Amino acid sequence: MTPSSITILGGGTAGWMAACLLQHHWPGTMIRLIEGSEIGIVGVGEGSTPQLKVFFDTIGVSEAEWMPAANATYKVGIQFEHWSQKPGYERYFHPFPTALDGHSAGQLFRAARLRRSGLDVQAHPDDFLFPGLLAERKLAPLNPENFPLEVSYGYHFDAHKVGEVLKGIATKRGVEWVDTRIASVEMTDDGEVAALIGEDGGRHEADFFIDASGFRALIAEQALGGAHVSFADNLFADSAVVLPTDVAQGGPECATRAIAMDAGWRWSIPLTNRTGNGYVYSSKYIEADAAETELRAALGVGKDVEARHLKMRCGRLDKSWNANCLAIGLAQGFLEPLEATALHIVLVTVEQFIKAVDTDGLGPEARGPFNDSIAARYEGIRDYIVAHYRCQLRRDTDYWRDNAAHENLSPSLKGIMTAWFTRQDLTLEVQRQDIARYYNAVSWHCLLGGYGNFPQKLEKPGEDVHLPDMYRIDDFLERCAMNFPSHNEALKAREAR
Ligand SMILES: Cc1cc2nc3c(=O)[nH]c(=O)nc-3n(C[C@H](O)[C@H](O)[C@H](O)COP(=O)(O)OP(=O)(O)OC[C@H]3O[C@@H](n4cnc5c(N)ncnc54)[C@H](O)[C@@H]3O)c2cc1C
């Protein structure tokens, strides 16, 4: 049975996304979103995964309707720069999973395995996969109708503007918006949430509640006492400093850049009207002022542009769904933004919640498997992020040396690393662990091979070794690229519609 009324606390991106999805799937449910607008939103989540495209397709909103309004650009993946000091591996591209790469991924796997076994074989992932080529050439991932191979993509966007767009859609479709600051949570005798009480005295009841109140986690942690499982002992970043720059010459890129710094990394997120930049760092290794100075120097930006400092708490709630409340967004958990997965998790959480309730109702029989599945997703994504830090090949500061040395790895990640470094079949290991739903074998090959985690001493392959035909792969990728339009032109066409 679906809830007859739902109250969402929080009008950040998470709250409005949930409102749109719940309204779409359960049109008969009364949905209210409460937001203390004077509190504001965190407003820095500006890069997505392809799940955001799925979201807009699901709720029936076209790119022309939302992209220009949110200064959005296309995103085909993430370029990692300077995470390795091994010559030839200073950068690599982590693409979103794309059907087109199915044509060459097998060759990448074979080349990497030969290279791991000590043979002098070309095995840099960028040489085998397509989206990095789109990024390099600033081409939009929009295949024409007569080219049937699709490239999956996400977006970059202005978080405040996308929130406004979602609010407009949700309220137009019947979601009630209440602007008030919630002062307390009223509980029932059996430990459920009865109502949210506003500072103005208003009492807001519902059958079910969504906590999207950001890092405060007002309902899920403060009222329901949910336990926070910290990831601080294997993800060191706890702070960020953010500042904008102009759009890159020649128009916005169609990829995020993740560039290594002294005590962390900085993102470069291209929008149509500005580039968002943020240095994600560990306060144990660098002071906030020094981080800001390092970021300004890297960007060539003076004190006239204001910087914003943020604290982050990496970890997740023990149970995302507790009693009659589902936590989403920063209230639910946070993984540092290296793979830009926060909104992805919001969307997956809400979709899975709807499915669980539709199948098993609102009782504990739905809750248990749901919470296990969400926890596993956090941990699967966390492991991939930890793997970046553990397998990078930079040794110039304590930060990078300590990251490379720390041993607090999950059994799953240990299994992946063992398979890679002992020359086993990594694809089989990903299958054996059933973790491709978080990151597939292509992603793992990109991460481990992209940093150049191969033996140094190499032998020439013998005549009997069947090598990938690099000419054919290159030719295939080049010819595919000819079908895609310029990123700039594609963005202009969106605006014109
Ligand atoms: C440095 C950094 C970089 C990030 N980069 C990315 C990225 O690239 N990609 C990505 O997907 N995610 C990223 N994220 C995460 C992303 O910003 C968030 O997941 C996303 O913005 C959703 O936030 P939210 O809606 O949960 O919380 P918030 O934006 O903080 O919203 C909280 C809401 O709750 C309301 N509220 C709080 N308390 C009360 C109260 N007492 N009464 C009434 N209302 C209340 C506030 O008014 C606000 O509307 C990043 C986060 C950080 C910190």
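Quick notes on this structure:
- Qualifying strands (runs of 3 or more DSSP E) (wholly inside region 226-278; at least 2 residues being within 20 Å of the chain's Cα centre (by Cα), modelled with pLDDT under 95 and surrounded by fewer than 20 Cβ atoms within 10 Å (Cβ to Cβ)): none
- Filtered residue count, region 367-415, keeping only those that are closer than 26 Å to A263 by Cα, assigned to a helix (DSSP H, G or I), touching a helix residue (DSSP H, G or I) at 6+ places or on another chain (Cβ under 8 Å) and not small (G, A, S): 13
- Whichever residue in region 99-152 is surrounded by fewer than 16 Cβ atoms within 10 Å (Cβ to Cβ) and of a type in the set (G, A, S) and, among such residues, is nearest to the chain's Cα centre (by Cα): A99
- From the options A194, A111, A135, residue that is in a strand (DSSP E or B) and out of contact with any Lys or Arg (no Cβ under 8 Å at 6 or more places or on another chain): A194
- Scanning region 313-343 for residues that are farther than 19 Å from I269 by Cα, within 12 Å of the ligand (Cβ to nearest atom) and either surrounded by fewer than 19 Cβ atoms within 10 Å (Cβ to Cβ) or of a type in the set (A, V, I, L, M) (or both) yields R313, A327, I328, L330, A331.
- Condition check for E186: touching a strand residue (DSSP E or B) at 6+ places or on another chain (Cβ under 7 Å) and among the acidic types (D, E): yes
- Members of region 3-15 found to be more than 8 Å from the ligand (Cβ to nearest atom) and under 23 Å from the mean Cα position of the chain (by Cα), listed by number: I8
- Subset of region 81-132 (residues that are under 22 Å from E463 (Cα atoms) and of a type in the set (A, V, I, L, M)): L108, A111, A112, L114, L119, V121, A123
- Matching residues, region 1-19, being crowded, with 24+ Cβ neighbours inside 10 Å and not hydroxyl-bearing (S, T, Y): I6, I8, L9, G10, G11, G12, A14, G15, W16, M17, A18, A19
- Enumeration of residues in region 22-36 that are near the ligand (Cβ under 6 Å from one of its atoms) and over 15 Å from T171 (Cα atoms): G36
- Residues located in region 256-283, provided they are farther than 17 Å from G45 by Cβ and among the aliphatic types (A, V, I, L, M): I259, A260, M261, A263
The values are calculated or read from the model by the stated rules, or taken from the named source; none is laboratory data. Given the structure is predicted, the values throughout are model-derived calculations rather than measurements. Cβ atoms come from the backbone with ideal geometry, glycine included; neighbour counts cover every protein chain shown.
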